[in-house]
Amino acid sequence: SLFVTVLPETVDVKISGPKAIVLTTKLEKEYKLFVDLNSLLIGEHSVTIHQENFSEKLDVSIEPRIINVTIEEKVTEQFRVEPEMNSRLLAENFVLNEMTAEPSKVAVTGAKSVIDNISYVKATVSGEKDVNKSFEQEAAVKVLDRDLNKLDVSINPDKVNVKVEINEYSREVPIKINEIGEPVEGLKIDSLSPEKSNITVYGSKSVVDTLKEVVVNVDLS
């Protein structure tokens, strides 16, 4: 029910003594450093780093010997995963239509203060340039604060399957009816309108974006 934060991953250890024992200790690495938090409650504490499995013939110096740790309540919350991909990976004239993650939510566990600081839960897909078709990819989940710093939490699951839907660039453009010819004698056209008012045009972005309308010729004869 508790979570430890601010605990450093490493400290500096200097050993001195008989050369053979120093070299053996350095090579075998059977020593251990640890802190004993068993009797501590929630809050900030100064604790001493203890050592184990060093020869009694060695002088052992640990820097720092005393460190500050924070013990907090451990909490678990569900967060929605936001899939993302660098748009520069797309081939020319193709656009990212939709991205979905499965599962769409993950359980994030950590210290309450860290969980409260979560701003983004992302799953980033990667790949080579000039992507021009939809695909699926497994992506690792990252939990970040608002400054995009990675947070020390556990994530379940820590990977999700991301579906990426890619389409050729398109835009809806209005249809304009252009009447040509004359109706046969005795007939009069009261109105003329397309069944659909817009049409989807695919192609080069620079060309498609210049279109204001698509003209459709209707021969009244």
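Residues within the reach of a label modelled at LYS163 (point 7 angstrom out along Cα to beta-carbon, backbone nitrogen below 19 Å), restricted to segment 73-115, are 80-85, 95-106.
For segment 87-221, the calculated P(r), taken from all Cα-Cα distances in 10 Å bins from zero up to the bin holding the longest distance, is 10, 24, 20, 17, 13, 9, 5, 2, 0 percent. Counting protein heavy atoms only, the chain has 46 percent of its accessible area on carbon and sulfur, 1.4 angstrom probe. Projecting label points 7 angstrom from Cα along Cα→Cβ for LEU23 and ASN68 puts them 4.3 nm apart. With protein chains left intact and a 1.4 Å probe, residues in the chain average 70 Å² of accessible area per residue.
Look at the alpha carbon pairs under 8 Å that are at least 6 residues apart: their mean separation over the length of the chain gives a relative contact order of 17 percent. 3J(HN,Hα) along segment 151-161: 9, 7, 9, 9, 10, 9, x, 8, 9, 10, 8 Hz, from the Karplus curve 6.51 cos²θ - 1.76 cosθ + 1.60 with θ = phi - 60°, whole Hz, x for Gly and Pro. Angle between the Cα long axis of helix 19-28 and the longest principal axis of the chain, 0 to 90 degrees, nearest 10? Long axis of 19-28 versus the principal axis of the chain: about 30 degrees.
Taking the convex hull of the Cα atoms, report for segment 76-130 its projected area averaged over all directions, in nm².
4.6
Which aspartates and glutamates have a Cα lying under 20 Å from the Cα of LYS122, excluding residues fewer than 8 positions away in the same chain? Straight-line reach from LYS122, under 20 Å: GLU77, GLU82, GLU84, GLU98, GLU102, GLU136, GLU138, ASP145, ASP147, ASP152, ASP158, GLU165. Computed over the chain, the per-residue total of -39500 (n - 2.57) for DSSP H runs of n ≥ 4 gives a 222 nm mean residue ellipticity of -2000 deg cm²/dmol, rounded to 500. Counting only DSSP beta bridges whose two residues both lie in segment 1-145, roughly 90 percent are antiparallel.
The values are calculated or read from the model by the stated rules, or taken from the named source; none is laboratory data. Owing to the predicted nature of the structure, the values given are computational and were not obtained by experimental measurement. Glycine also receives a Cβ, built like all others from the backbone with ideal geometry; neighbour counts cover every protein chain displayed. Side chains are part of the model used for accessible areas, which takes the heavy atoms of the whole protein and leaves out ligands, DNA and RNA. Shrake-Rupley method; radii C 1.70, N 1.55, O 1.52, S 1.80 Å.
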